[in-house]
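In what follows, a single structure is set out as structure tokens and then discussed.
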There are 2 protein chains.
Amino acid sequence: MQRTLASQLAQVPPGETAKVEGWIHRRRALAAVTFVVIRDRSGLAQVVVKDPQTVEQVAGMGEETVVEVAGTVIANPSAPGGFELVDPTFELLSEPAHTPPVELWRPTMSAGLPTLLDNAPVTLRHPRSKASWMLASASMQGFRRALTEEGFTEIQTPKIVGTSTESGANVFTVDYFGQQAYLAQSPQLYKQTLVGVFERVFEVGPVFRAEPHDTVRHIAEYVSLDAELGFIEDHRDVLAVLRTAVDGMLTAIAELAPAAVDLLAVELPTVPDQIPVIHFADALKLVGAPEDEPDLAPAHERALSAWAIAEHGSEFLAVEGYPMRKRPFYTHPQPDDPRWSNSFDLLFRGLELTTGGQRLHRYTDYQAALAATGQSEEPYAGYLQAFKHGMPPHGGFAIGLERWVARLTGAENIRSARLFPRDLNRLMP
Amino acid sequence: MQRTLASQLAQVPPGETAKVEGWIHRRRALAAVTFVVIRDRSGLAQVVVKDPQTVEQVAGMGEETVVEVAGTVIANPSAPGGFELVDPTFELLSEPAHTPPVELWRPTMSAGLPTLLDNAPVTLRHPRSKASWMLASASMQGFRRALTEEGFTEIQTPKIVGTSTESGANVFTVDYFGQQAYLAQSPQLYKQTLVGVFERVFEVGPVFRAEPHDTVRHIAEYVSLDAELGFIEDHRDVLAVLRTAVDGMLTAIAELAPAAVDLLAVELPTVPDQIPVIHFADALKLVGAPEDEPDLAPAHERALSAWAIAEHGSEFLAVEGYPMRKRPFYTHPQPDDPRWSNSFDLLFRGLELTTGGQRLHRYTDYQAALAATGQSEEPYAGYLQAFKHGMPPHGGFAIGLERWVARLTGAENIRSARLFPRDLNRLMP
């Protein structure tokens, strides 16, 4: 007999036999009947056991045991999906499972985050944990789809690198055949270089930060959604592509993960056709901060988001023109006032979601920028070669996948948005 | 004026003005005229310069200089794409470029592979290098699309791990906040664990092998296309999904990268509806090898591929049942004869393309397998937890992206199929 997924039971004509396969999600033994809920990749299916021999058999199958159940489909409005299996026969597909460390059948797991993470191989099976990752998975698909439609090429750049990308800080070192190498903190230098090859590139892959702070916002390894494009006017062209990417991510979530959106009660934002933009200098004025502040404080970001909703009806706000002195050496200055940069932060629901902007594209500008920051050219030889041999005006952005998902679900800790987080104290499981 | 891509010139009504942007791919100064070929992400466009002032201006713009060119579109059957720009005006989009280390305009670059790799930021711009990566990019898309349609969920698993996956050998070590960690050699343990969560999973991401041999087949970092699925009968179900994935990759190449296929004269194979299968024991007999051989030699693989074409008209052949003693500890034995395994190699054009198979799924089987190979359970605690708490029969496979592309293009060295390869002697660029 062919397998029927839990979510497909409604399509089986009532009275016919169906076979489901999955994990025993919950087992509830009453006096005259045992209810068994089976969990598979599509959802939950209820099985009603009355036959005494089967009741006894099921008594030996603890929660998380993997079984195959054949039974008669009947309608029952109070069962998940509106249908259930009666007169079932059970068959083990593995050994009876040990009792899980956390009860997975409860609507919300009662253990604290450290316990959940210590037991991730099992606790990720909880429908809410699973749903959170379904948002991540759909987001990656949406990001790729939106950019592919815009003529971007997917790239895969090295994660073992000879030069630390952003600075020497927070970088993991690797023993590379006896030589010191690093784990890439971002694909920044490579994605820029590859604008020289493909004009428009994106990458979805791991980045590594040896972040010495144990906070709810930091993890040592995360997924970065990177894009970079050439032949732009300035950073506003980059912002327009970022808008397309975020819109594509949200569209994909709505299309591919509606059950996860429902279960987690996620309110999907609308991306306006034009994301409103405010200059950093105006943003400081708006929030009443001193005009020489080099950055926005969290309270400022919240105030600016509130302003964007009130003024523009937008949950997204781009702040452009961040002071050059706070931006990396490859940042392009604002042409009419080099104190400011052609870069932006995108705020979403009161927090910075991503940073983007225009980069320098002239070889001589890079030489000057490295000299001005006291860096030697030698570690950047490969990168500089791209500029020496012709690069167009270009820019890009990077979105942290876990940060994005945590923002959507309202998770307090970014670790909840990753399958097996790594941090200062956690290298396992 | 809006930018027109080189490939879109044919859509501009002849006599109208168009603007192209790109790199000066080639410049040829004759007595009365200078021909300039512009390269952009879509292809090549020819520009004919006759005006003496413009000829002089263009003389200062070496190859790889990034320019914007506006001119009148006219038909010319001998120009790339059948159209060219005349009466052009040129504008620099960057500084004039330094002369490239290798002539990119020649149909094939004349330098040796080490020179090409040393100068990858520039040599990757060559249409043939670019085309090779377009096959890789399309393959990733096809892989994901085919598996998503089959109900698979995309995962992203940690690359910094506390336990080396396959064995202690060939693993890179990372200084993880003063503790020793490793770079994942494969997502094997995590993808199996996540079958417990999502049933069907795939991952496209980097894997790391500290491969101490400097050969044309080995690189230290490559992209692995991994899949794993639960609720299977045996390894034949895994092979059926592998067939779907490979077919999806080829379909995507034909659809998304036809120009690359043409340029590189790639002959795309047809994947038969059922990939022919031969048992390892029968394969040894067929090639006349002793029956206690533990593996197939390269000559055997070539002979078997030739046999599959002659006998089944198939460029793909699966060899199943490899001896258990040559397979990793999580391999599922062949139920009726535990000398053999429920695993397979897929041969393509005389070489092994990928390995797959059924895994053990019972906790007690893992305990026994680790004990039998003299390994302690402790480093595998997280992995084992998944089995302790219920796992279905499952299996999977992994395809090396670069190996796949090299096989398609007939590249002699796998390094040609990667953007910035890493090996024993190469950590830059």
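Throughout, read-outs are computed from the coordinates displayed, never taken from laboratory work. The model shown is predicted, which means the values in this text are computed figures rather than measured ones. Quick reminder, even Gly has a Cβ in these numbers, built from the backbone with ideal geometry, and neighbours come from all protein chains shown.
Between copies, how far apart are the A:HIS279 label points? List them in nm, one decimal, shortest first, with each point 7 Å from Cα toward Cβ, please?
Label-point separations across copies, in nm and ascending: 7.9.
Tell me the label-point distance for the pair A:THR89, B:GLU150, using the 7 Å Cα-to-Cβ offset, in nm and rounded to one decimal.
3.0 nm
Can you tell me how the stretch A:206-257 classifies by the Cα gyration tensor, rounded, prolate or oblate, using a/c under 1.5 as the rounded cut?
oblate
Using amide H atoms built in the peptide plane, which far-off residues or other-chain residues are under 5 Å from A:LEU347 H to H?
A:LEU317, A:ALA318, A:VAL319, A:LEU353
How large is ³J(HN,Hα), in whole Hz, for each residue of the stretch B:357-367 in order, when computed from phi with the Karplus curve 6.51 cos²θ - 1.76 cosθ + 1.60 and θ = phi - 60°, using x for Gly and Pro?
Once rounded to whole Hz, the list reads x, 8, 9, 4, 9, 9, 3, 5, 5, 5, 4.
Nm distances between the label at B:THR17 and the same-position labels in the remaining copies, 7 Å along Cα→Cβ, shortest first?
The projected label point of B:THR17 is separated from its counterparts by 7.8 nm.
If every alpha-carbon in the stretch B:33-137 counts as one equal scatterer, what log10 I(q)/I(0) does Debye give at q = 0.11, 0.12, 0.18 1/Å?
Log-scaled intensity ratios, in q order: -0.39, -0.47, -0.97.
Quick one: check the C-alpha center-to-center distance for the stretch B:50-117 versus the stretch B:140-195, whole angstrom.
Result: 44 Å between the Cα centres.
Between copies, how far does the label point of B:GLU378 sit from its twins, in nm, shortest first, when each point is 7 Å from Cα along Cα→Cβ?
List, nearest first: 4.4 nm.
Enumerate the amide H contacts of A:THR331 below 5 Å, restricted to partners 5 or more residues apart or on another chain; note that Pro and chain-start residues carry no placed amide H.
A:LEU360
List, in order, the whole-Hz ³J(HN,Hα) value for each residue of the stretch A:237-242 obtained from phi through the Karplus relation with A = 6.51, B = -1.76, C = 1.60 and θ = phi - 60°; use x for Gly and Pro.
Once rounded to whole Hz, the list reads 5, 5, 4, 5, 6, 4.
Given charges of +1 on the Cβ of Lys and Arg and -1 on the Cβ of Asp and Glu, with all other atoms neutral, how large is the dipole of the stretch B:12-146 about its Cα centre, in debye to the nearest 20?
720 debye
So how do B:HIS126, B:HIS312 line up by other beta-carbon neighbours within 10 Å, fewest first?
Fewest-to-most Cβ neighbours within 10 Å comes out as B:HIS312, B:HIS126.
What fraction of the Cα pairs in the stretch B:6-92, stated in percent, has a spacing above 19 angstrom?
In whole percent, the long-distance tail amounts to 27.
Reported to two decimal places, what Rg/Rh ratio describes the stretch A:107-209 when computed on Cα atoms with Rh from the Kirkwood expression?
With Rh from the inverse mean 1/r over Cα pairs, Rg/Rh is 1.09.
Which of the trypsin sites (Lys or Arg not before Pro) found in the stretch A:204-300 are in a DSSP loop and have at most 15 neighbouring Cβ atoms, other than their own, within 10 Å?
Those that pass, being in a loop and sparsely packed, are A:ARG217.
Have a look at B:THR244, B:PRO258, B:LEU353 and report the one farthest towards the positive end of the charge dipole of the stretch B:121-417, computed about the Cα centre with Cβ charges (Lys/Arg +1, Asp/Glu -1).
Going by the Cα projections, it comes out as B:PRO258.
Which ordering of B:PHE35, A:PHE348 is given by a fewest-first count of other beta-carbon atoms within 10 Å?
Going from least to most buried by this count: B:PHE35, A:PHE348.
Suppose every K and R has +1 on its Cβ and every D and E has -1 on its Cβ; what is the size of the dipole of the stretch A:6-92 about the Cα centre, in Debye to the nearest 20?
The dipole of the stretch A:6-92 has a size of about 260 debye.
Evaluate the Debye formula for the stretch A:319-368 with equal point scatterers sitting on the alpha carbons, no solvent, and hand back log10 of I(q)/I(0) at q = 0.14, 0.26 Å⁻¹, in q order, two decimals.
Result of the Debye calculation: -0.35, -0.95.
Just want to confirm a number: the relative contact order over the stretch A:19-141, from Cα pairs under 8 angstrom separated by 6+ residues, in percent.
20 percent
Please name whichever of B:GLY112, B:THR54, B:GLY43 sits farthest to the positive end of the charge dipole of the stretch B:37-125, dipole taken about the Cα centre and charges placed at Cβ: Lys and Arg +1, Asp and Glu -1.
Farthest along the dipole direction, towards plus: B:GLY112.
I need the P(r) histogram for the protein assembly as shown: all alpha carbon pairs, bin width 10 Å from 0 out to the longest distance, whole percents.
2, 12, 20, 24, 20, 13, 6, 2, 0, 0, 0
Within 10 Å of each residue's Cβ, count the other Cβ atoms and sort A:GLU402, B:GLU91, A:GLU291, B:GLU315 from fewest upward.
Lowest count first: A:GLU291, B:GLU91, B:GLU315, A:GLU402.
Could you run the Debye sum over the Cα atoms of chain B, one equal point scatterer each and no solvent, and tell me log10 of I(q)/I(0) at q = 0.10 Å⁻¹, two decimals?
With one equal scatterer per Cα and no solvent, log10 I(q)/I(0) is -0.80.
Want the number for B:LEU424 to B:ARG28: 0.36 nm per residue separation, take away the alpha-carbon distance, what's left?
138.5 nm
With both bridge residues required to lie in the protein assembly as shown, what share of the DSSP beta bridges run antiparallel, to the nearest 5%?
Here the share of antiparallel DSSP bridges comes out near 90 percent.
If each of A:ARG302 and A:ASN413 carries a label point 7 Å out from its Cα toward its Cβ, how far apart are those two points in nm?
2.2 nm
Describe numerically, in nm with one decimal, the distance between label points set 7 Å from Cα along Cα→Cβ at A:GLU255 and at B:GLU255.
Result for the modelled spin labels: 1.3 nm.
Between A:PHE172, A:LEU30, A:SER224, whose Cα lies farthest towards the positive end of the dipole of chain A when Lys and Arg beta carbons carry +1 and Asp and Glu beta carbons carry -1, centred on the Cα centre?
A:LEU30
When we measure straight from the Cα of B:LYS191, which lysines land under 27 angstrom away, once same-chain ones fewer than 8 places off are left out?
A:LYS19, A:LYS130, A:LYS159, B:LYS159, B:LYS326, B:LYS388
Is any residue of the stretch A:159-202 close enough, with backbone N under 14 Å, to a label point placed 7 angstrom from the Cα of B:THR173 along the Cα-Cβ axis, and if so, which?
A:173-181
How large is the charge dipole for the stretch A:317-429, taken about the Cα centre, if only the Cβ atoms of Lys, Arg (+1) and Asp, Glu (-1) carry charge, to the nearest 20 debye?
Charge dipole of the stretch A:317-429: 320 debye, to the nearest 20.
For A:PHE35 and A:SER7 in the same chain, what is the full-extension length gain: residue separation times 0.36 nm, less their Cα-Cα distance, in nm?
8.3 nm
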